[in-house]
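Worksheet: the structure to be examined is printed underneath.
What follows is calculated from the coordinates using simple rules that are stated; it is not laboratory data. As the structure is a computational prediction, the values presented were derived from the model and not from experiment. We place every Cβ from the backbone using ideal geometry, glycine too, and count neighbours over all the protein chains shown.
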Amino acid sequence: MPHIERTTHVGWDGNLARGGGTLDAATSAFARLPFSLPSRIGEPGGKTSPEELLAAAHGGCLTMSLTGELTAAGTPPGRLDVECTIVMDEVEGQGHQIVGSQVAIVAQVDGLDDAALQAAAAKADEGCPFSQLLKRAGATVTVTARLA
């Protein structure tokens, strides 16, 4: 795989409690995504958070990894529905930390049994750079998969 770099611009106005920011992708894939402390720790109110963006990144990466595994095995997916939840919690002596990522996959794949899906999901988790990054950082990554 080639060397990959992606860039976002973050702008922030004001203090932490009452301020807010926006996120813009250099690719123009998204622009002016609002975020703030209240959207991070409370009700989102239509704004995003770093944790939500990490959940999207991990879920997207694992979905692509699983698609690759299934396709290589000769059973490309008809559809994958993946939900990823990033968990942040207080860690004694370390403040708030990302402690986990929970990924739930529902797969529509013709000709695939549950054992083959579980094997492909485990291999996809091993090959997903975001799963590996989270694990190296000490977070627990849980991947569950079931056939639709």
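Summing Lys and Arg as +1 and Asp and Glu as -1 over all other residues whose Cβ lies under 12 Å from the Cβ of Gln97 gives a net charge of -4.
Amide H contacts under 5 Å for Gly100: Val87, Thr140, restricted to partners 5 or more places along the chain or on a different chain, H placed in the peptide plane at 1.01 Å from N. Across the range 32-148, the relative contact order, built from alpha-carbon pairs under 8 Å that are at least six residues apart, equals 25 percent.
The charge dipole of the range 50-147, taken about its Cα centre with unit charges on the Cβ atoms of Lys, Arg (+1), Asp and Glu (-1) only, comes to about 260 debye. What is the angle, in °, between the Cα long axis of helix 114-127 and the longest principal axis of the Cα atoms in the chain? Nearest 10 is fine, range 0 to 90. Helix 114-127 and the main axis of the chain meet at about 50 degrees.
Excluding Ala145 itself, what net charge comes from residues whose Cβ is under 15 Å from its Cβ, given Lys and Arg +1 and Asp and Glu -1? All intermediate terms of the calculation are to be shown ahead of the outcome.
Working: positive: Arg79, Lys123, Arg146; negative: Glu69, Asp81, Glu83, Asp113, Asp114, Asp125, Glu126.
Net of charged neighbours comes to -4.
For the chain, the longest principal axis of the Cα atoms and the long axis of helix 50-72 meet at an angle of about 20 degrees. Taking every DSSP beta bridge that has both ends in the chain, the antiparallel portion is near 70%. From the Cα gyration tensor of the chain, with a ≥ b ≥ c the square roots of its eigenvalues, which class applies: rounded if a/c is under 1.5, or else prolate if a/b is larger than b/c, or else oblate? Prolate, because a/c is 1.5 or more and a/b exceeds b/c. Add +1 for every Lys or Arg and -1 for every Asp or Glu among the other residues with Cβ under 11 Å from the Cβ of Ala121, and state the total. Result for the neighbourhood of Ala121: -2. Taking a ≥ b ≥ c as the square roots of the eigenvalues of the alpha carbon gyration tensor, the range 79-147 is prolate, as a/c is not under 1.5 and a/b beats b/c. With the charge dipole of the chain set up from +1 on Lys and Arg Cβ and -1 on Asp and Glu Cβ about the Cα centre, the Cα lying farthest toward the positive end among the listed residues Ala107, Gly42, Ile86 is that of Gly42. Under 5 Å between amide hydrogens, built in the peptide plane, is the criterion, and for Leu147 it picks out Ala107 among residues at least 5 positions away or on other chains.
Please find the FRET efficiency linking Glu43 to Thr8, where r is the Cβ-Cβ separation and R0 is fixed at 35 Å, and quote it to the nearest 0.05. Show your work: numbers first, answer last.
On the way: r = 24 Å, r/R0 = 0.69.
Efficiency, from the Cβ-Cβ distance: 0.90.
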